[in-house]
Amino acid sequence: QKNGFPHFMLKEIHEQPDALHNTVAPRIKDGLPDFSSDGVPDDIFRGCNKIYIIACGTAMHAGMVCKTMIEPLMRIPVTVSIASEFRYEDPLVDENTLVIAISQSGETIDTLEALRLSRRCHARTLAVVNVKGSTIARECDNVIYTHAGPEIAVASTKAYTVQLAALYLIGCKLGLVNAKYTLKQARAFIVSLQKAIPAIGRILEQENTIKKVVEPLSSAQDTFFIGRGLDYTLSLEGALKLKEISYIHAEAYAAGELKHGTIALITDGVPVIAIATQKRVMAKTLSNIREVKARGAYVILLTKENNVTDQDVYDVQLPLPELDDMFMVFPAAVALQLIAYYTSVNKGVDVDKPRNLAKSVTVE
Ligand code: M6R
């Protein structure tokens, strides 16, 4: 039931504020992250000396975002591994390793086998899963369910943002349990996370603008998504979303890496979706965007609404609500989902069932 929406994907994009609320609210106690109702003990977070995040596709991209949050906080290595690679890599996993498996369906075979391998290596395992009672949830030592509700569209949207929210709660818990965060810092983190939920509504209000802005994309051969740091990890997800439902070649690039080859592909009118939400690297990212603009790119810039940028940097600016940098991923992800959705609609592609793809990948 699409509840009046033309596609499940659009319905699910709109369900994100509720889904996020359902994932976050029950896990906040006294302003702090709390997994006691999930039965996940604090001990699994205590004293781990490295973290592996194993997942595929969009779930893996959620893991990449999370690495940018956890690694600087914990000062321990966080490795995000594509599950189908991890399985054959002889990974450095032992009883002091926390392995986090992320999966919407809980049935992705590579993620499941990577989890089984981690358990054989005696790792502490934690699954972030949406589908209740799925195989990954059943086999993992600890489970945090995301409460996105059923996701029908092949392109993952709400499952991604709730994975991010669950991972941010895990990050905050890791910080607290290992004395990297004070109670005050952890509470401030949770407040920022909660603020991200209504911010998504502000993007949904811009839907008609986004629909218009993406018109040039539907006739493009190639598109590029660029950013640095957290924005780069978001670019990967933006590009995947566009590829899978519009069949347009989309490449995500770390903005600073463009000039090492890929910038040769930027010619007149090539769409570049530039994400610039991180203050620490803002000046550098803007200078990379200027480089593509100077070569004729059609630049759609996603940046904070109060971030004043020269008009020579973009063709269209999509203003994102102002949040702490770490939390900008939430509104930006939704903007990227709408960019992909409307490009697909403009091209007349079957949005909910793109060719060659299945919702759950149970072959290796
Ligand atoms: O069910 P999972 O989260 O394990 O699925 C992993 C990927 O197949 C999935 O995220 C896929 O990349 C998305 N449907 C793409 O939108």
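The values are calculated or read from the model by the stated rules, or taken from the named source; none is laboratory data. Note that the structure is a prediction, hence the values are computed from the model and not measured. Here Cβ is always computed from backbone atoms with ideal geometry, including for glycine, and neighbour counts include all displayed protein chains.
I'd like the residue in the range 229-249 that is closer than 20 Å to THR303 by Cβ and without any contact (Cβ under 8 Å) to a residue 60 or more places away in the chain and, out of all such residues, is farthest from the ligand (Cβ to nearest atom).
By that ranking, first place goes to TYR232.
Looking at the range 81-108 only, could you name the residues that are within 13 Å of the ligand (Cβ to nearest atom) and acidic (Asp, Glu)?
Matches in the range 81-108: GLU107 only.
Would you mention how many residues in the range 203-233 are outside any strand (DSSP E or B), exposed (fewer than 15 other Cβ atoms within 10 Å of the Cβ) and of a type in the set (D, E, K, R)?
The total comes to 3.
Residues are listed down the side, and each one gets a yes or a no for (1) hydrophobic (A, V, I, L, M, F, W, C); (2) out of contact with any strand residue (DSSP E or B) (no Cβ under 7 Å at 6 or more places or on another chain); (3) free of Cβ contacts under 8 Å to residues at least 60 places away in the same chain:
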{"site": "ILE70", "(1), (2), (3)": "yes, no, no"}
{"site": "ILE82", "(1), (2), (3)": "yes, yes, yes"}
{"site": "LEU92", "(1), (2), (3)": "yes, yes, yes"}
{"site": "HIS122", "(1), (2), (3)": "no, yes, yes"}
{"site": "HIS147", "(1), (2), (3)": "no, yes, no"}
{"site": "ALA153", "(1), (2), (3)": "yes, yes, no"}
{"site": "LEU164", "(1), (2), (3)": "yes, yes, no"}
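Considering only the range 114-141, state which residues are buried (at least 17 other Cβ atoms within 10 Å of the Cβ), more than 9 Å from the ligand (Cβ to nearest atom) and either within 24 Å of the chain's Cα centre (by Cα) or at positive phi (or both).
Within the range 114-141, ALA114, LEU115, SER118, ARG124, THR125, LEU126, ALA127, VAL128, THR135, ALA137, CYS140 qualify.
I'm checking my understanding of the structure. Among residues of the range 57-80 that are within 12 Å of the ligand (Cβ to nearest atom) and farther than 15 Å from LEU98 by Cβ, which one is surrounded by the most Cβ atoms within 10 Å (Cβ to Cβ)?
Only one residue tops the list, namely ALA62.
Among the residues of the range 23-56, what is the count of those that are surrounded by fewer than 17 Cβ atoms within 10 Å (Cβ to Cβ) and touching a His at 6+ places or on another chain (Cβ under 9 Å)?
1
Kindly indicate whether ILE170 is buried (at least 24 other Cβ atoms within 10 Å of the Cβ) and either modelled with pLDDT under 95 or at negative phi (or both).
yes
Please work out which residue is surrounded by the fewest Cβ atoms within 10 Å (Cβ to Cβ), limiting yourself to the range 142-167 and to residues that are assigned to a helix (DSSP H, G or I) and aliphatic (A, V, I, L, M).
LEU167
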